[in-house]
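Here the structure is laid out as structure tokens; the discussion comes afterwards.
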Amino acid sequence: MNIRKAIILAASSACCASALAQIQEIKSSNNQIGFQAISSYVDYKETNDGRFGTAVGTLNTEKGWVPGFAVSASVMQDWLFGNDYLQFQYSRNKGHTDYTGSLLTGGAFGSAVQQNDATLIDYSLRWGKGFSVNQAVMLTPYLEFGRHEWKRGVNQGETYTNNYYGIGALAQYSPMPRLVLSANALIGRTTGADISVGGPLGFNGSLGNSNLYKVGLSADYAFSQRFRGNVGLNYSAFKYGASANYPVGGTVTWEPDSRTRYTTISAGVGYAF
């Protein structure tokens, strides 16, 4: 009888230790500083509304992979509510996109094809709280705030900027020791959307805001207690509403409606603390 009880107790202890180890693996993944090499696929399209008798439809597109890097730092500690989660990320892409459109002097869509410089800069800050669903799964609802900037090399340069806020959830699963799989989704809203157009026909103007959608998948593996590796795939989508009309150089100009989609792949390393 005593032997039987000892066996049951040992098995229960092993189970509890395994469960704690899996949850601790997720927490360890959430307490690290990381660096990632990234590449973002830009899928941008401008659509004219036909004001002042101009042509209606697609004006131009920008597409292509733009390389870059990202740095991040995340913490999950028992500060206020238990499993309090904080993450900061900065990323910068610099390269070229393929432009399809028309010349300023006129022409149909597709009459001008060229490569443009592109620089993407993003900041984001998340705050949330993790909930242990079971011994291997954690769900972390969060709030996110961020800023996006795109320096577009079309004509004599255009810079698009916007802030955003949103609510999301991070689901994490540790199927085996050292490995953490994550999925996240966010719905938000852009704010303060703006464009700055360079050159003699340039202007600064506000753009319309829109809903923002972000989804992502990632895998994080602990090669040692401190050294971790990760890969990820992220997608985001939002729109810019058309600007007001601006009298420039004896004519009237404006920024048309547009929609933007980014698909980003990443691979990097992290230091757990």
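The values are calculated or read from the model by the stated rules, or taken from the named source; none is laboratory data. Here the structure is a predicted model, which means the values were calculated and not measured. Methodologically, a virtual Cβ is constructed for each residue, glycine included, from the backbone with ideal geometry; neighbour enumeration extends over all protein chains shown.
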| request: List every residue pair whose Cβ atoms lie under 6 Å apart, where the two residues are 6 or more positions apart in sequence or sit on different chains, the first residue falls within region 190-205 and is farther than 30 Å from L143 by Cα and outside any loop (DSSP other than H, G, I, E, B), and the second residue, located anywhere, is modelled with pLDDT of 95 or more and not hydrophobic (A, V, I, L, M, F, W, C). | output: V197/E158; N204/S196
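Among residues belonging to region 139-159 that are more than 16 Å from the chain's Cα centre (by Cα) and hydroxyl-bearing (S, T, Y), point out the one that is farthest from K129 (Cα to Cα).
T159
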| Tally of residues being within 23 Å of Q22 (Cα to Cα) and part of a loop (DSSP other than H, G, I, E, B) across region 119-156 | 3
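So that you can scan it fast, the table gives a plain yes or no per residue for (1) touching a strand residue (DSSP E or B) at 6+ places or on another chain (Cβ under 9 Å); (2) under 22 Å from K63 (Cα atoms); (3) of a type in the set (G, A, S):
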position: L181; (1), (2), (3): yes, no, no
position: G188; (1), (2), (3): yes, no, yes
position: I195; (1), (2), (3): yes, yes, no
position: G205; (1), (2), (3): yes, no, yes
position: A219; (1), (2), (3): yes, no, yes
position: F223; (1), (2), (3): yes, no, no
position: T251; (1), (2), (3): no, no, no
position: P256; (1), (2), (3): yes, yes, no
position: T264; (1), (2), (3): yes, yes, no
| Within region 32-90, restricting attention to residues that are among the acidic types (D, E) and closer than 30 Å to F109 by Cα, which residue is modelled with the lowest pLDDT? | D49
| Which numbered condition trips up V113, out of (1) free of Cβ contacts under 8 Å to residues at least 24 places away in the same chain; (2) among the β-branched types (V, I, T); (3) closer than 20 Å to A183 by Cα? | (3)
| Residues located in region 27-65, provided they are under 22 Å from the mean Cα position of the chain (by Cα) and at positive phi | G64
| note | D220 fails exactly one of (1) out of contact with any Gly (no Cβ under 7 Å at 6 or more places or on another chain); (2) more than 24 Å from F145 (Cβ to Cβ); (3) among the acidic types (D, E), namely (2)
| message | Only one of I3, I7 is at pLDDT 50 or above, outside any strand (DSSP E or B) and farther than 16 Å from V133 by Cα. Can you tell me which? | response | I3
